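Let me begin by presenting the structure, written as structure tokens, before commenting on it.
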Amino acid sequence: MSEKNGNKAFTSTSLRLKIGLAEMLKGGVIMDVMNVEQARIAEEAGAVSVMALERVPAMIRAEGGVARMASPKLIKEIIQAVSIPVMAKARIGHFAEAQVLQELGVDFIDESEVLTPADETHHIDKHAFKTPFVCGARNLGEALRRIAEGAAMIRTKGEAGTGDVVHAVQHMRQIVKEMKALTVLSEQELYHAAKEHQAPYELVRIVAQTGKLPVPNFSAGGIATPADAALMMQLGAEAIFVGSGIFMKERATPLDVENDPKERAEAVSRAKAIVIATTHYNDPKIVAEASEQVTGTMKGLAAAAIEEKELLQTRGW
Amino acid sequence: MTQGANQSRIGVLAIQGDFSAHALALEESGAKALEIRKPEEIDGIDGLILPGGESTTMLKFLERSGFLDALKDFATERPVFGTCAGIILLAREVRHPAQVSLGLLDAVVERNAYGRQIDSSILVGPSELGAEPLEMVFIRAPRILETGPEVEVLARRDGFPVLVRQGRIMAATFHPELSTDRRVHRLFADIVSNSSQPGGIG
């Protein structure tokens with residue numbers, strides 16, 4: 001087993017810096033944005049970071065086609081427009097897209113199941129990059145496999161673009177439950193646990209000792225309201241990703257924040273409220289006040305109504 | 001180090017950022033750490049840390065419900081320590097871009113002055129905290145461009161101050177909470193326990 005999968009990996013300068021940036025984002029909201037105006041709204045509302053992409057998951061789901069990395073031009077414009085860190089997505093396994101994103105100065109790369117996978121077997125070797133990566137996971141084994149590959153942050157996958165939080169809840173509960181279960185195992189039992197989780201023994205051992213992932217654990221996928229954010233934080237998420245929940249009106253139509261002041265105000269109200277609820281997740285009075293300020297919510301799509309083959313979360317393994 | 005009944009109670013602003021890393025560093029330095037999310041919560045604490053994170057996000061919360069004024073009042077008699085985003089909140093003037101700040105530290109600070117995440121770095125260098133070199137973790141760090149006459153410089157990077165003290169105010173452009181060396185947090189804990197005792201520096 002390579003040394004980089006063990007405890008020593010977490011003392012390397014490169015990984016400490018990557019995890020360090022993830023630490024700075026804790027307690028905050030990372031918002032998907034498709035243009036400069038949305039990025040400015042996100043920053044004004046108090047987002048800790050923006051995710052630059054061409055189409056939010058709800059649009060990808062509705063429109064179909066191959067979803068790829070955003071255009072470098074758009075990413076550069078967004079980097080210029082805001083002072084907070086900028087993230088962008090690369091397709092699973094598409095290390096050349098990741099190289100481009102690193103070259104552009106993106107602060108965090110999301111190797112994301114929301115885009116069409118480029119490799120059906122291999123994820124990106126994230127140790128080979130200086131830029132930190134975040135990856136999605138549905139269970140502990142998947143999270144630890146991504147960490148073994150060099151991910152500096154894990155997020156639940158949920159079911160992106162639905163506005164239905166049910167799978168984010170399922171994935172967070174699953175990861176937390178599996179971590180708790182490891183903490184009561186004996187040293188001898190950990191070898192078998194590693195086999196069961198299909199994850200490196202050294203990482204399983206770290207989780208067994210600490211009861212938590214060795215990198216920050218965030219939540220994404222279907223989070224659309226302030227109460228959704230508060231729910232995920234109470235379940236153990238350390239920060240929140242909001243994809244389609246802020247800037248979408250109908251299933252495939254974004255709010256027109258550039259030309260319609262009323263729709264702009266609606267996006268601002270949603271963004272602000274989710275930021276407040278994420279910080280004050282344990283204070284229902286404040287979550288209630290924040291929710292009251294919201295003037296609309298994305299329409300949403302029940303995750304249970306989606307056919308198995310249409311699910312985004314089953315991409316990646 | 002103080003213990004038990006004399007243990008200092010130090011708050012960590014927990015709006016957002018690496019507040020839990022600071023809380024752990026404080027506990028390891030002999031203080032009791034408390035998470036602070038609302039202005040009324042600062043009443044019972046002896047000192048306060050403004051952690052790393054995004055200063056723009058923290059400001060959104062501080063600009064609401066009189067939090068900024070409450071912090072200014074707090075700092076007139078009790079110690080405050082800011083790291084990274086925290087020093088941006090403490091500075092007299094912020095550039096790149098300009099933004100509101102508490103003006104408690106006589107310094108001009110430039111945000112994201114070393115570049116983006118890819119330019120983040122861990123350096124080891126001398127400091128006024130003893131002969132042993134100090135590890136300094138810089139993450140999308142700000143730079144202190146100017147300091148006033150009352151600001152004491154405790155460490156530098158390329159000639160620019162990175163760790164400073166002005167009476168009961170302390171600030172770092174790096175993240176001592178992400179290192180295992182506890183000298184920086186112990187110094188702050190000492191400032192807090194001295195200022196909360198009668199006849200102390202407070």
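The values are calculated or read from the model by the stated rules, or taken from the named source; none is laboratory data. Only a predicted model underlies this, so the values are computations on that prediction, with no experimental measurement involved. Positions of Cβ are backbone-derived with ideal geometry, glycine not excepted, and every protein chain shown enters the neighbour counts.
So here's what we get for this one:
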item	result
Filter result for residue B:113 (surrounded by fewer than 21 Cβ atoms within 10 Å (Cβ to Cβ), away from every other protein chain (no Cβ under 11 Å) and more than 19 Å from residue B:172 (Cβ to Cβ))	no
Looking only at region A:48-62, and only at residues there that are β-branched (Val, Ile, Thr) and under 15 Å from the mean Cα position of the chain (by Cα), the one that is nearest to the other protein chains (Cβ to nearest Cβ)	A:48
Single residue of A:194, A:208, A:181, A:168 found to be surrounded by 19 or more Cβ atoms within 10 Å (Cβ to Cβ), free of Cβ contacts under 8 Å to residues at least 24 places away in the same chain, on the phi < 0 side of the Ramachandran plot and part of a helix (DSSP H, G or I)	A:194
Candidate set: region A:8-47, residues that are touching a Leu at 6+ places or on another chain (Cβ under 7 Å) and under 16 Å from residue A:74 (Cα atoms); chosen: the one nearest to the other protein chains (Cβ to nearest Cβ)	A:32
Any chance residue B:95 is within 14 Å of another protein chain (Cβ to nearest Cβ), surrounded by 15 or more Cβ atoms within 10 Å (Cβ to Cβ) and among the charged types (D, E, K, R)	yes
Residues being in a loop (DSSP other than H, G, I, E, B), closer than 11 Å to residue B:174 by Cβ and not small (Gly, Ala, Ser) - total across region B:116-139	1
Residue within region B:47-65 that is among the charged types (D, E, K, R) and touching a strand residue (DSSP E or B) at 6+ places or on another chain (Cβ under 7 Å) present	no
Close pairs (8 angstrom Cβ cut-off, 6 or more residues apart or separate chains): more than 14 Å from every other protein chain (Cβ to nearest Cβ) and assigned to a helix (DSSP H, G or I) in region B:166-190, among the hydrophobic types (A, V, I, L, M, F, W, C) and surrounded by fewer than 24 Cβ atoms within 10 Å (Cβ to Cβ) anywhere	B:183/B:129; B:183/B:134; B:184/B:129; B:184/B:134; B:186/B:1; B:187/B:129; B:189/B:1
Scope region B:101-121; condition touching a Leu at 6+ places or on another chain (Cβ under 6 Å) and not hydroxyl-bearing (Ser, Thr, Tyr); matching residues	B:102, B:104, B:105, B:108, B:110, B:117
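A quick yes/no check of all residues on (1) assigned to a helix (DSSP H, G or I); (2) at pLDDT below 95:
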site: A:1; (1), (2): no, yes
site: A:16; (1), (2): yes, no
site: A:30; (1), (2): no, no
site: A:38; (1), (2): yes, no
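Here is a yes/no grid of residues against (1) assigned to a loop (DSSP other than H, G, I, E, B); (2) touching a Cys at 6+ places or on another chain (Cβ under 7 Å); (3) crowded, with 24+ Cβ neighbours inside 10 Å:
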{"site": "A:246", "(1), (2), (3)": "yes, no, yes"}
{"site": "A:257", "(1), (2), (3)": "yes, no, no"}
{"site": "A:263", "(1), (2), (3)": "no, no, no"}
{"site": "A:269", "(1), (2), (3)": "no, no, no"}
{"site": "A:272", "(1), (2), (3)": "no, no, no"}
{"site": "A:285", "(1), (2), (3)": "no, no, no"}
